[in-house]
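Everything on this sheet refers to the single structure shown next.
The values are calculated or read from the model by the stated rules, or taken from the named source; none is laboratory data. These figures come from a predicted structure and were not determined experimentally. In this analysis, Cβ positions are derived from the backbone assuming ideal geometry, glycine residues included, and neighbour counts consider all displayed protein chains. Protein only, heavy atoms only, side chains kept; ligands, DNA and RNA dropped before computing areas. Shrake-Rupley method; radii C 1.70, N 1.55, O 1.52, S 1.80 Å.
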Amino acid sequence: MSILEQLKKELRVVANLQGTVALMHWDQETYMPPGGGSARAEQLALIESLAHERLVGDSVRGPLSELVDLETGTPAAGLSDEEQRLVAEIWRDYHRAAALPNEFVREMAQTTSEAQQVWAESRQQNDFGKFAPYLEKIVRLKYREIDYLGKKETPYDTLLDGFEPGMTSAEITRLFDEMKERLVPLVQKIAASEVDTHAEIIQRDYDLEKQWQFGMAVLEDMGYDLQCGRQDESAHPFTINFHPTDVRITTRLERNNLMAGLSSTIHEGGHALYEQGLDPEWFGTPFGQPISYGIHESQSRLWENLIALDKPFWQYYYPRLQALFPENLELVPIEVFYHAINTVKPSLIRVDADEATYNLHIMLRFEIEKMVINDRLPVRELPSIWNDRMESYLGIRPDSDANGVLQDVHWSFGGFGYFPTYALGNLYNVPILERAKKDITDLDDQIADGKLTVLRDWLREHVHAVGRRKTASELIEDLTGQPLTARPFMDYLEAKYTELYAL
Ligand code: ZN
C-alpha cells in the first residue's frame, strides 16, 4: 500500500469516529429522552476525544510526515498537483487539531453538549440568566482555543477560518458594507409601499400531516435519496451526515405557517444534496468533504430562496398544493400566492426572516460576535446590546430574550464565527445559479415541469463532487470568472422586489 493510501485509510478511521459523534448528536436532537442528557454529554466527549487522538496521533502523523513538512505544510517533492493539494488540505486539518490539547477537546465537547440542553430550556422559559453561566464558560473556552490556534488578523478571524477557510473579517465587512448600501434603502422602500401581499394566506390552518407529505414529495423531486437519508422532526431543523450514504435532515412544521416548514425542509434538502453528492471514494479525506460552511449555505439557500420562492417552481407545485389544501387555496390565484410567500417584513426571528431582511439579522450577529471575541464584551450585557441593535438594524425591539438573544442554538455549541457564512451563502448562490442557467438554457422550463434533478445533477458536477479540491473563492472565480462581490445578489433582490412591490 502506498503511503498516501495508508494515510487515506487512517483518515477513514477518524471519519468513522466523527460519524459516530454525529450519530449521537442526531439522536440527542431527535429521540433521546431528556433524562439521557448528562450521560450523552460524557459519551460525546469520550468519542470526540478518541477521534481527536487518532487524528493527531502516530498513525496519521507517520504517513503524513512523509508527504508534507509538518511544521510548514509544504508538500514533499515528487507529488502530482492533485496529491499536493490533497496533502496540503489534510495538513490544514491536522495542524489545527494538533494545536489543541486532547483534554481541551474533551472539555469543549462535554460543555457544549450540556450547554445545548440548558440553552433549549432557557429559551423555552425565557431565562437568559440560566444560560449565561454556560455561555460564559464557552466564551472562556473560545479564548483558550484562539490562544492554542494562534491569533490571525484578529482573534475573531481565527474562529472564522474554522468555518470559512481563507475568509477574513475585513473581507466580510467589505462585502456587508457593499450590501448594506443598497439593502437598507430597499427594505425602507418596501416598508413604505402600499402593496398588500396578502400574507395571511400563508397563516391559515394547514394540516401537519399534509404539509409533511408535500415536503417529502418536493424532497424526492429534488433528488434527495431516501435510501440514503431520512427526515425527522426537531425543534431546530438541521442536516447531519455520517457518510454520503447516510445523510439525515430534520424539519419543524407549524399549523399556522405553511412556509416555515416547507422552507426549512427545502433548505435542509439543499444541504443534504451536497452531502449525498460528495464522492464516497474520497470519504474521510478533504476531497470527499464540503468546501466551507458558506458554500454549504449557498446550496441550501439556492433551493430555499432562488428556486422555491420563484415562479417556475410554483407553476408546477401550486396546483398540487391547491389540491392538497382546497379549503385554503382553491380561490387563491397563483400570482396572489406568489406575492404572499414573498412578503418582506422585518421580524424578530432569523430563521423566519424573508430573503431581503435576513442579511440584516446576520450583520447584527457578526457585530456582536466580534464584540464578544475581540473586545471581550461581558456575556451579561448581551441581551441589551442585542435589543438595541435589533432596533437600529430592523426597527423592532424584541419583546423577550427568547425572541431575542436566546433564539439561536449556535453559541451553545461554541459556533462563534458561524453566522457570517449564512450571508456568504446568499452572496455565493446567485452567481452560481446564473452560471447554471448559462449551461442549462431551459432550466426554468424544466423546473416548471417539476424536473428539479436537472439542477441537482449540475450542482453535483460543478459544486458537490469537487470536494476541497478548490477553496470557496476559487470555486466562485472558476464558475463566474469573477471574484465575489455583493452586486449579483443585490441586483437579484432589487429586480425581484421592485416588481413585487411596484417600487
Ligand atoms: Zn443552513
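Just a few scattered comments:
- Whether the range 163-267 is rounded, prolate or oblate, judged on the alpha carbon gyration tensor where a/c under 1.5 counts as rounded: oblate
- Using alpha-carbon coordinates, inclination of helix 58-67 to the longest axis of the chain, degrees: 90 degrees
- Share of carbon and sulfur in the accessible heavy-atom surface of the range 3-126 [1.4 Å probe, %]: 50 percent
- Proximal aspartates and glutamates relative to K210, as straight alpha-carbon distance under 17 Å, when same-chain residues fewer than 8 apart are discounted: E220, D221, D232, E233, E254, E327, E330
- For V463, net neighbour charge (Lys/Arg +1, Asp/Glu -1) across residues whose Cβ lies under 14 Å away: -3
- ³J(HN,Hα), Karplus 6.51/-1.76/1.60, whole Hz, each residue of the range 186-191, x for Gly, Pro: 4, 5, 5, 5, 4, 4
- Applying a threshold of 19 Å to the alpha-carbon distances of K437/K470; K151/K370; K137/K370; K130/K370 flags K437/K470; K130/K370 as lying beyond it.
- Tensor-based shape of the chain (alpha-carbon gyration tensor, a/c under 1.5 rounded, otherwise prolate or oblate): prolate
- Neighbourhood charge, 14 Å Cβ-Cβ cut-off, centred on E53 and excluding it, Lys, Arg +1 and Asp, Glu -1: -1
- Once exposed loop GluC sites (Glu not before Pro) are cut out (DSSP; at most 10 other Cβ, 10 Å), longest piece of the chain: 331-503
- Aspartates and glutamates whose Cα lies under 17 Å from that of K496, excluding same-chain neighbours fewer than 8 positions away: E194, D196, E304, D310, E335, D354, E355, E434, D444
- Taking amide H positions as modeled 1.01 Å from N, with prolines and chain starts lacking one, no residue 5 or more places away or on another chain lies under 5 Å from G415.
- Positive minus negative residues near E164 (Lys, Arg vs Asp, Glu; Cβ under 11 Å): -4
- Computed in the context of the full set of protein chains, the accessible area of the range 277-434 at 1.4 Å probe radius has 50% of its extent on carbon or sulfur.
- Length-normalised contact order for the chain - Cα pairs under 8 Å, 6+ apart - percent: 20 percent
- Debye, to nearest 20: dipole size of the chain, +1 on Lys, Arg Cβ, -1 on Asp, Glu Cβ: 720 debye
- With a threshold of 21 Å on the Cα-Cα distance, the over-threshold entries among K180/K438; K311/K438; K180/K345 are K180/K438.
- Once you reduce the range 111-163 and the range 221-271 to the center of their Cα atoms, the two points are 26 Å from each other.
- Gyration tensor verdict on the range 7-149 (Cα atoms; rounded if a/c is under 1.5, prolate if a/b is larger than b/c, oblate otherwise): prolate
- Rounded to the nearest whole Hz, the Karplus-based 3J(HN,Hα) values (6.51 cos²θ - 1.76 cosθ + 1.60, θ = phi - 60°) of the range 376-385 follow the sequence 6, 4, x, 4, 5, 7, 4, x, 6, 4, with x at glycine and proline.
- The chain, accessible area per residue, ligands and nucleic acids excluded (1.4 Å, Å²): 41 Å²
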